[in-house]
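Peer 1: Would you mind keeping the following structure in view while I ask a few things?
Nothing in this text is a laboratory measurement; each read-out follows from the coordinates by a stated rule. Owing to the predicted nature of the structure, the values given are computational and were not obtained by experimental measurement. When we count neighbours, we look across all protein chains shown, and the Cβ atoms used for this are built from the backbone with ideal geometry, even at glycine.
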């Protein structure tokens, strides 16, 4: 029987497993990665500000955040809300890895363990973003949680056995290097620092900020009974976040490829999918109405 807190890749084998007991520890690889790019970002901003570097930053950030993180990692790999050929899947996941948060397997684990935790009546503050803003920033940007009794996490064979996916997981940091070389050859240190380091820092901090606010305040059309954490829609941020700001919609219908469910809810990730569908590149796009009913889902207003 499906439980309220069931997540596909998570297996709970005994009653000691829970999302509450755990320790937050410094993750040195995460800390050094962020510190390195923060230094590069500051140097780039102070010494190399220009319109061309700004254009490179904006365009490359939009590409990696929209097609990579939102479409490739989140809607495709994690939630399987549409289908595509393996070459396009590799490309989208590669762009997602370029955001700088982690490789595909790492991102799947981070997402699913948080989803599983938030679907319980109580979960650790690290997983619920329950601490004050700057406390949560230090946790999310420099630390990781080690649950005392963690569930088993199993990635489907189609993904875990794919040698290209395995390579992207092993090399996710190094995948920045070819782009860094190209930017340096075209525009010197300035273009490289704006296109790589500043983009990574802004992406990491932006992802944390959206996660913090989208789990703490905003607007809700839906309530999930028995969940420790509710998602919130953040009006006016749909365009900037590639649709990820419609987080109450996403909590309610996680398997939907469309996050902006109402008129006026801008969702660039969905727009990109619609274009790719017309080109025959993606298919089987799932919407909220295509998903099975959830007993714990209740409307707060007339939807």
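Peer 1: Based on the inverse mean of 1/r over its pairs of different Cα atoms, what is the Kirkwood hydrodynamic radius of the stretch 248-303, in Å?
Peer 2: 12.4 Å
Peer 1: Largest first, please: the extent of the C-alpha atoms of the stretch 71-149 along each principal axis, to the nearest Å.
Peer 2: Reported extents, whole Å, longest axis first: 41, 25, 22.
Peer 1: Run lengths n ≥ 4 of DSSP H only: what is the helix-derived mean residue ellipticity at 222 nm for the chain, with -39500 (n - 2.57) per run over all residues, to the nearest 500?
Peer 2: Dividing the helical sum by the residues of the chain leaves -13500 deg cm²/dmol.
Peer 1: Sort 126, 153, 34 by Cβ crowding within 10 Å, fewest neighbours at the top.
Peer 2: Ascending Cβ contact count within 10 Å gives the list 153, 34, 126.
Peer 1: Let me ask something else about it. How many times 2.2 N^0.38 Å is the alpha carbon radius of gyration of the stretch 136-180?
Peer 2: That ratio works out to 1.62.
Peer 1: For the stretch 1-69, what is the largest minus smallest coordinate of the Cα atoms on each principal axis, given in angstrom and ordered from greatest to least?
Peer 2: Reported extents, whole Å, longest axis first: 57, 29, 14.
Peer 1: Right, something else. Please work out the FRET efficiency for the pair residue 294 and residue 134, using the Cβ-Cβ distance as r and a Förster radius of 41 Å; give the result to the nearest 0.05.
Peer 2: With a Förster radius of 41 Å, E is 0.75.
Peer 1: Taking the stretch 196-271, how much of its Cα-Cα pair set, in percent, is spaced more than 17 angstrom apart?
Peer 2: Of all Cα-Cα distances in the stretch 196-271, 43 percent exceed 17 Å.
Peer 1: Using a basic spin-label model with each label point 7 Å from the Cα along Cα→Cβ, how many nm lie between residue 35 and residue 240?
Peer 2: The two pseudo-label positions are separated by 2.9 nm.
Peer 1: Here's something else I'd like to know. Quick check: convex hull over the Cα atoms of the stretch 1-159, volume per residue in Å³, rounded to an integer?
Peer 2: For the stretch 1-159, the hull spanned by Cα atoms encloses 139 Å³ per residue.
Peer 1: Further question on the same structure: Once you have all Cα-Cα distances for the stretch 31-78, histogram them in 5 Å bins from zero and send the whole-percent values.
Peer 2: In order of increasing distance, the bins hold 5, 19, 15, 19, 21, 14, 6, 2 percent.
Peer 1: In addition: Can you pull the percent of Cα pairs in the stretch 159-303 with separation above 26 Å? Each step should come with its number before you reach the end.
Peer 2: Numbers: 4655 of 10440 pairs.
Above the 26 Å cut-off, the stretch 159-303 has 45 percent of its Cα pairs.
Peer 1: Just order 281-287, 255-261, 75-81 by mean Cβ neighbour count inside 10 Å, highest at the front, would you?
Peer 2: Highest-to-lowest ranking by the protection proxy: 255-261, 75-81, 281-287.
Peer 1: Order by neighbour count: 297, 63, fewest other Cβ atoms within 10 Å first, most last. Spell out each step's value before the answer.
Peer 2: Details: 297 16, 63 13.
Ascending number of Cβ neighbours within 10 Å: 63, 297.
Peer 1: Compute the Kirkwood hydrodynamic radius of the chain, taking the inverse of the mean of 1/r over all pairs of distinct Cα atoms, and give it in Å to one decimal.
Peer 2: 20.1 Å
Peer 1: What nm value, rounded to one decimal, do you get for the distance between residue 20 and residue 219 when each label is placed 7 Å out toward the C-beta?
Peer 2: Distance between label points: 3.5 nm.
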